[in-house]
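Nothing in this text is a laboratory measurement; each read-out follows from the coordinates by a stated rule. Quantities reported herein were computed from a predicted structural model and do not represent experimental measurements. All Cβ positions, even for glycine, are placed from backbone atoms using ideal geometry, and neighbour counts span all protein chains on display.
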């Protein structure tokens, strides 16, 4: 309601209705822009009279009101409910009573508002551990379905379209070259410069080529490419399959007798298995060129010298190690992205959660696999 400058300010009076009741008389203009009485006075009255069982309101002298009155009344009603005192809104203007009643008829969602204390850290860790343990059977079941699908592929019985495979290869391969180039160049630059600063103290700048070549080919090229593809491609796989899950497209495939694993997961798995080794080789080359740039411009090493030293440092054994790691990373990225996408719930929020989970799962798997494979190769002398 519009404010009238001639109306009185809000006033609150206390009156006894009966021995176990209290009447609150409201008068004047109860506007949100005006000065309203505090609820502290009401709270003091309620605490001083423990025998109270009912509080009634009288609004016959209210000249004007807006949401300021509703807010004040809501606070008073909450105080009364806390002390198990009933409230009578019959004396308020008709519109006020209806709005207050409507506000209290809508229950608050369980996931909103403040709740009790959070569980202790140990309890949260235990819950997360149990959730991970419960997820293992579903992960193994998905792994079994993917393995059977790959078997059907080699037998020529898999239900997939080659055109889909080619489109996915184009998306995860050529369209990833820009980001792979940038990250690989910067990583090679950093490795070369940091190593050169130390090697220069011994006059061994030429060994920058060994450091960058071995580091990029055996470890950094595959690892950085894997992390890039986890954030770019793994997230995309989870979002695509999660959206299809929300739209019930995957259920439609099953209804039509088409295996979703063959039609949706298999092409994505094959695409990353084929593309990742090529991206790793490209990343290695870009990183080595970055090391060459640092050596030539900052440490006066000739291009031919750097080339010859790199050739002497590398052999097919090192390249095979890097390519094998890249292939394993590609399998893990496709597996994590498709797994989280197929496990997605039926809401938009679930798609976001599946995407985040796919990236986290992929990166964790990549780091664990990198550590295990590095130890194995070192023990085997490869």
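Rounded to the nearest 0.05, what FRET efficiency do residue 165 and residue 346 give with R0 = 45 Å and r taken as the Cβ-Cβ distance? Could you check? Intermediate values should be presented prior to the final figure.
Details: r = 28 Å, r/R0 = 0.62.
Approximately 0.95, to the nearest 0.05.
Which FRET efficiency value, to the nearest 0.05, do you get for residue 182 and residue 249 by plugging their Cβ-Cβ distance into 1/(1 + (r/R0)^6) with R0 = 30 Å? It would help to have the intermediate numbers written out before the result.
On the way: r = 35 Å, r/R0 = 1.16.
In this case the efficiency is close to 0.30.
Using a 10 Å cut-off on Cβ atoms, rank the peptides 312-321, 361-370 from the highest mean neighbour count down.
361-370, 312-321
Of the beta bridges DSSP finds with both residues in segment 11-105, what % are antiparallel, to the nearest 5?
Working: 7 of 20 bridges.
Of those bridges, close to 35 percent are antiparallel.
When the chain is treated as a GNM, springs tying every alpha-carbon pair under 10 Å, which of 260, 120, 137 comes out with the largest mean-square fluctuation?
Sorting by GNM fluctuation, first place goes to 120.
Enter the angle in degrees (range 0 to 90, nearest 10) between the Cα long axis of helix 266-299 and the first principal axis of the Cα atoms of the chain, meaning the one along which they spread out most.
70
Along the Cα→Cβ direction, 7 angstrom out, place labels at residue 133 and residue 375. What is the inter-label distance in nm?
Rounded to a tenth, the inter-label distance reads 2.3 nm.
Specify whether the C-alpha gyration tensor of segment 136-380 places it in the rounded, prolate or oblate class, a ≥ b ≥ c being the square roots of the eigenvalues: rounded for a/c under 1.5, otherwise prolate if a/b is larger than b/c and oblate if not.
Working: a/c = 2.60, a/b = 2.37, b/c = 1.10.
Here segment 136-380 falls in the prolate category.
Using only Cα atoms, find the angle between the long axis of helix 316-342 and the longest principal axis of the chain, and express it within 0 to 90 degrees, rounded to the nearest 10.
Roughly 30 degrees between the two axes.
Please state the relative contact order of segment 37-87 as a whole percent: Cα pairs under 8 Å, 6+ residues apart? Could the numbers behind the result be given before it?
Values: 24 pairs, mean separation 28.2, N = 51.
55 percent.
Roughly what % antiparallel, to the nearest 5, for the DSSP beta bridges in the chain?
Values: 7 of 21 bridges.
Antiparallel bridges: around 35 percent, rounded to the nearest 5.
Rounded to the nearest 0.05, what FRET efficiency do residue 14 and residue 102 give with R0 = 35 Å and r taken as the Cβ-Cβ distance? Could you check? Intermediate values should be presented prior to the final figure.
On the way: r = 27 Å, r/R0 = 0.78.
Computed FRET efficiency for residue 14 and residue 102: 0.80.
Just need the relative contact order of segment 11-105 here, percent rounded to a whole number, with Cα pairs under 8 Å and 6+ apart. Write out the running numbers ahead of the final one.
Details: 138 pairs, mean separation 28.3, N = 95.
Answer for segment 11-105 is 30 percent.
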